[in-house]
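The values are calculated or read from the model by the stated rules, or taken from the named source; none is laboratory data. Given the structure is predicted, the values throughout are model-derived calculations rather than measurements. FYI the Cβ positions are ideal-geometry reconstructions off the backbone, even for glycines, and counts take in every protein chain you see.
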Amino acid sequence: MDLQTDILIVGAGPTGLALACQLIRYGVRFVIVDTKDSTTPFSRAIGVQARTLEIYDQIGLADELISLGHRAEKVKFLKDGVVRGEADLSELGVGLSPFPYVLLVEQGLHEKLLYQYIRDNDCDVLWQHEMVSFVDGDDVTAEVRKPDGSTLSIRAKYLVGCDGAKSRVRRDLGLTFEGDTVERLFYVADVELNWPHGHDALQINLGEDNLTAFFPLKGEDRWRLVGTFPEGHKKDEGDILYDEIERQIEHDMGSKLDITKVNWFSVYNVHSRAVNAFSKGRCFVAGDAAHIHTPAGAQGMNTGIQDGYNLAWKLALALKGKADGALLATYNEERLRNAQALLKTTDRVFEFAASDEWLVSVVRNNVFPYVFGTALKFDIVKNEIFSIVSQIGISYSGLKLSSGTDGFAVEPGERMPWFEADGKSIYSSLTSPAFHLLLFGADSEVCSGLRQAMRSKWQDDIEIQEHPLQEAVKKAFGCESPFLVLLRPDNYIGYLSDDLSAEKLNEYLARY
Ligand SMILES: Cc1cc2nc3c(=O)[nH]c(=O)nc-3n(C[C@H](O)[C@H](O)[C@H](O)COP(=O)(O)OP(=O)(O)OC[C@H]3O[C@@H](n4cnc5c(N)ncnc54)[C@H](O)[C@@H]3O)c2cc1C
């Protein structure tokens, strides 16, 4: 055996790189291989959601990523090249997340930042190394082709396939990838453009049966254009030249565009597919290897990053011998349900955005641009939209790891709600890679009893914090009397109860 490790990560796209960062956080050994010779040079996924920034904030990467990007603070709707309506996005998630917006930053820069974090922690990616086969037994043995053509044998306790939409790991595990291919061809282009309607807003042109989006990128006059060719367009992806994209956009806009430079363009088919299972034996899939969908809502990359975030702490506990297969099985349970729900949402949004059905197109083009801005002024609409798009609303409620008593404004399985108390973000005390037991409003006798009970059973695995029952806490949890919250290491609520005895808590923890 040439190399032995705990985790073999196949693929160093955003999913694999972000998973590696999490494993570093938990002190887990890994080897990560990728066929490419470096991080992607392309801008690909530019929408970074609040939940991703919350995750990065725990390892000190959020501010740096934000400095590389541009906040989407406004959206303008155009028809025939004329602005018909606009909506303010700057306040969208205020009070819900420390990052109440969508960040626009190029995937290439994003990946570089993750890679730098890996290097700063004395790890590296084996670039130009292709995983060609693997065998799953008492551990996993993989054959990896090196740049000189020779083979490297790697033995790992677990393997995670972050190897993208055409995943070999998925295929060799025999997992299915059911779903559809969207009939239309998509195009994307990064350009420099003299644009008459300002560089401060995401702009969406609504055509009769088509939609073109203009995303402002950091830097003067830099834009990302995304759209589709109409149904029935006969050419294949590789046969389309940039001029054809520009002609299509000008046709949909009904006016000429002043594009001065084209930095990158790509034409691609979009699929909406998910695996039937996220794991098999000692192997797992994550990111595009497990789910792909339309670009509606900028969800793909962010979902892959959260797959890894969900899996990392479970692998870390299993490797330390502190949890068994039942905990690892919850990765499939939680992330499969999430992926299936996501596919439905992105399909529905895409249907609305690109449908040529008469009624849908009338509502989209003639009603939506005028009412959307007004609708966003209502907290209920704003909060609902932000929760879905930003991914802070992802919930594992009703699933095996979520337990507790009823009557709170949040449910076990939801992410720890964000609030500030005394001007301090609650998240600033939740950065360590551990379970957190938060005791809100409990008196000192109860707290010391719980501390003792937890320490004797779980030693240092659980960090215990005592917090007063401040107004912000009462509002976030909808609870006026003392209660406790056990947060999983990924800051989702595992157990939530107003029963402050150690007995039920121990029962919950002992399950896994
Ligand atoms: C134009 C465009 C715009 C997008 N916009 C957004 C957006 O705004 N927001 C968003 O969230 N998502 C967006 N997406 C989707 C996003 O780019 C993907 O979801 C994301 O790149 C998936 O990351 P990944 O790491 O799972 O897979 P990939 O990025 O595909 O990475 C997989 C890696 O695995 C490597 N690999 C494959 N096979 C092997 C092997 N056998 N051995 C070793 N290495 C291997 C590949 O070289 C590759 O580097 C967009 C996609 C496109 C194309």
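Points to keep in mind about this one:
- Only a single criterion out of (1) farther than 23 Å from S43 by Cα; (2) polar (S, T, N, Q); (3) under 28 Å from the mean Cα position of the chain (by Cα) is not satisfied by S153, namely (3).
- Residues that are over 20 Å from I493 (Cβ atoms) and touching a His at 6+ places or on another chain (Cβ under 9 Å), drawn from segment 419-466: none
- Checking each residue in segment 288-298 for being surrounded by fewer than 24 Cβ atoms within 10 Å (Cβ to Cβ) and near the ligand (Cβ under 6 Å from one of its atoms) picks out P295, A298.
- Where K280 falls short, out of the listed (1) in contact (Cβ under 8 Å) with a residue 24 or more places away in the chain; (2) closer than 26 Å to D6 by Cβ; (3) crowded, with 19+ Cβ neighbours inside 10 Å: (3)
- Of note, S150 does not satisfy the criterion of being within 11 Å of the ligand (Cβ to nearest atom) and not acidic (D, E).
- Tally, over segment 268-287, of residues that are near the ligand (Cβ under 10 Å from one of its atoms), at pLDDT 90 or above and assigned to a strand (DSSP E or B): 1
- Residues within segment 1-20 that are more than 7 Å from the ligand (Cβ to nearest atom) and buried (at least 24 other Cβ atoms within 10 Å of the Cβ), tallied: 7
- Contacts under 7 angstrom Cβ, first residue in segment 22-43 being more than 10 Å from the ligand (Cβ to nearest atom), partner aromatic (F, W, Y), 6 or more apart: Q22/Y309; L23/F30; Y26/W313
- The residue of segment 188-209 that is farthest from D258 (Cα to Cα), among those that are out of contact with any Lys or Arg (no Cβ under 6 Å at 6 or more places or on another chain) and at pLDDT 90 or above, is V188.
- When restricted to residues that are under 19 Å from S395 (Cα atoms), among the small types (G, A, S) and crowded, with 18+ Cβ neighbours inside 10 Å, segment 310-338 contains 1.
- Test: residue in segment 8-22 that is under 22 Å from Q391 (Cβ atoms) and in contact with a Pro (Cβ under 7 Å, 6 or more places away or on another chain): no
- In segment 153-166, residue nearest to the ligand (Cβ to nearest atom) [restricted to those that are in a strand (DSSP E or B) and of a type outside the set (A, V, I, L, M, F, W, C)]: G161
- Scanning segment 133-144 for residues that are without any contact (Cβ under 8 Å) to a residue 24 or more places away in the chain and within 14 Å of the ligand (Cβ to nearest atom) turns up at least one hit.
- Yes/no for E111 being buried (at least 20 other Cβ atoms within 10 Å of the Cβ), under 22 Å from the mean Cα position of the chain (by Cα) and not small (G, A, S): yes
- Pick from segment 43-53, criterion in contact with a strand residue (DSSP E or B) (Cβ under 6 Å, 6 or more places away or on another chain) and in a loop (DSSP other than H, G, I, E, B), ranking: modelled with the highest pLDDT: I46
- Some residue of segment 246-262 being closer than 30 Å to I7 by Cβ, surrounded by fewer than 19 Cβ atoms within 10 Å (Cβ to Cβ) and in contact with a strand residue (DSSP E or B) (Cβ under 8 Å, 6 or more places away or on another chain): no
- Across segment 69-83, the number of residues qualifying as away from the ligand (no atom under 13 Å from the Cβ) and either part of a strand (DSSP E or B) or modelled with pLDDT of 95 or more (or both) comes to 9.
- Flag: D180 does not match the condition of being in contact (Cβ under 8 Å) with a residue 24 or more places away in the chain, more than 13 Å from the ligand (Cβ to nearest atom) and part of a loop (DSSP other than H, G, I, E, B).
- Matching option when the condition is part of a helix (DSSP H, G or I), under 27 Å from M416 (Cβ atoms) and more than 10 Å from the ligand (Cβ to nearest atom), among L113, L96, L109, L92: L113
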